[in-house]
Amino acid sequence: MTMDAEFLKLSFREDYNELNNIIHKWDLIPGAPIEEYDFLTNRILSNLYKGADFEKLCRVIDSELVVTYGFYPDEIDSVEKATEVMEWWNSSG
């Protein structure tokens, strides 16, 4: 593995862990294990790495929480969640 690939892998892992901690603190499903949000974390982080803007991030969060986790759209404040994620993303990079 090249140095660049190793660096990218390490960076992704660090970003993943930080984002997963943020999502876990939302306490969407009280008492859920931290790995409960692996798919959501992966989906959000993948979109961030592809350059997703705030609007796209809101749609991803809405979609995942409704489709994957079974929330009703009015139970989700995707703007608040996307704001928190974007603030973290912009400060970490």
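Every number here is computed from the coordinates shown, using simple stated rules; none is lab data. No experiment lies behind these values; they were computed from the predicted model shown. Positions of Cβ are backbone-derived with ideal geometry, glycine not excepted, and every protein chain shown enters the neighbour counts.
Could you grab the pairs with beta carbons closer than 6 Å, sequence gap of 6+ or different chains, first residue in the stretch 55-76 and of a type in the set (A, V, I, L, M), second one part of a loop (DSSP other than H, G, I, E, B)?
Listed pairs, sorted by first residue: L65/F71; L65/I76.
Do you know which residues across the stretch 17-42 are touching a helix residue (DSSP H, G or I) at 6+ places or on another chain (Cβ under 6 Å) and over 17 Å from I76 (Cα atoms)?
L19, N20, I34, listed by residue number.
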